[in-house]
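See below for the structure under consideration.
The values are calculated or read from the model by the stated rules, or taken from the named source; none is laboratory data. Everything quoted here is computed from the prediction, not taken from an experiment. No Cβ is skipped: glycine too gets one built from the backbone with ideal geometry, and neighbour counts run over all protein chains shown. The protein model used for the area step is the full one, side chains on, heavy atoms only, and it has no ligands, DNA or RNA in it. Shrake-Rupley method; radii C 1.70, N 1.55, O 1.52, S 1.80 Å.
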Amino acid sequence: MDLKLGNFKLSLGTEKLYGYIEKDFNQYPLLWKEMIHPFDLPKVEEIEKMIYAEKKRETFISEHRIIRGDGEIIWVAAHFTPIFTAENEVKKVNIFSYDITDRKKAEEKIQHMAFHDNLTNLPNRPLFSKFVEKSLSYSKRNNTQFAPMYIDIDHFKQVNDTFGHNAGDRLLIEIAKRLNESARANDVVCRHGGDEFMILLDDVKKEDIEAVVKRIIKKLSSPINILNENEVFISPSVSV
């Protein structure tokens, strides 16, 4: 197929993969590009440039998302192989595509598990460190301030010892929820380990920090139901 001029020929397998038939592409030649997810389109357009403008004679492979004819978004691996005329013009481009959605989902799951706490689903310490590095760079470029906030839950061990680890886990989950509610929309709440949490306040002023601290203390001062209608009262130690 010539991506510039149209004249598309699709196998039945490709039609099934894309959710469009050959006729759809020939009636509307830009469909092949518009079905690519907007976030992934630039890298496919870079391949298009290397084929048509730079006349590179090689097979290019792109892993990107497409929006099928039924609206479903899937990941595909697409191999673009240009065929040239004797005059070094692009005669056609052979494209071989296959579904890699399951692999991408598995990779995303592994990536998520590596950088998130299994119990609370909050970012973990390694991911928090990456956010701090990003905030440091941003603050230097834009002359802004950021503040890592440390929260330690007082007497958490007593809850574990008195009610058991299941109750302790439920308490941590609820604490994570209330910390997220206390933070601003662009702040990052992290479980640092055990009963220790961190909040990264980006582009922040003194009054913002004070407001977040007040909300944390208020939220965590309310009783928390942990197990069999048992309620506990906790208090956080907050430092910036």
Carbon and sulfur atoms: what percent of the 1.4 Å accessible area of the chain do they account for? 52 percent
Checking understanding here: applying a Kyte-Doolittle mean of at least -0.5 and a length along the axis of at least 24 Å (C-alpha), which whole DSSP H helices in the chain pass? none
Per residue accessible area in Å² of the chain, where ligands, DNA and RNA are left out and the probe is 1.4 Å: 59 Å²
Using a 10 angstrom Cβ neighbour count of at most 15 plus a DSSP loop assignment to flag exposed GluC sites (Glu not before Pro), which longest range of the chain is free of such sites? 90-228
Taking the Cα-to-Cβ direction at S237 and at M113 and moving 7 Å from each Cα, how far apart do the two end points lie in nm? 3.5 nm
As straight-line cross-link partners of K109, the qualifying lysines (C-alpha separation under 20 Å, not fewer than 8 residues apart within one chain) are K130
Tell me the Rg and the Dmax, in Å, that the Cα atoms of the chain produce. 26.4, 83
Sequence-separation-based contact order of the chain, relative, with Cα cut under 8 Å and 6+ spacing, percent: 14 percent
Run the Debye formula on the Cα coordinates of the range 1-95, all scatterers equal and no solvent, and tell me log10 I(q)/I(0) at q = 0.23 1/Å. -1.34
Check the straight Cα-Cα distances from K56 and name the aspartates and glutamates below 19 Å, setting aside those fewer than 8 residues away within the same chain. D2, E45, E46, E48, E87, E89
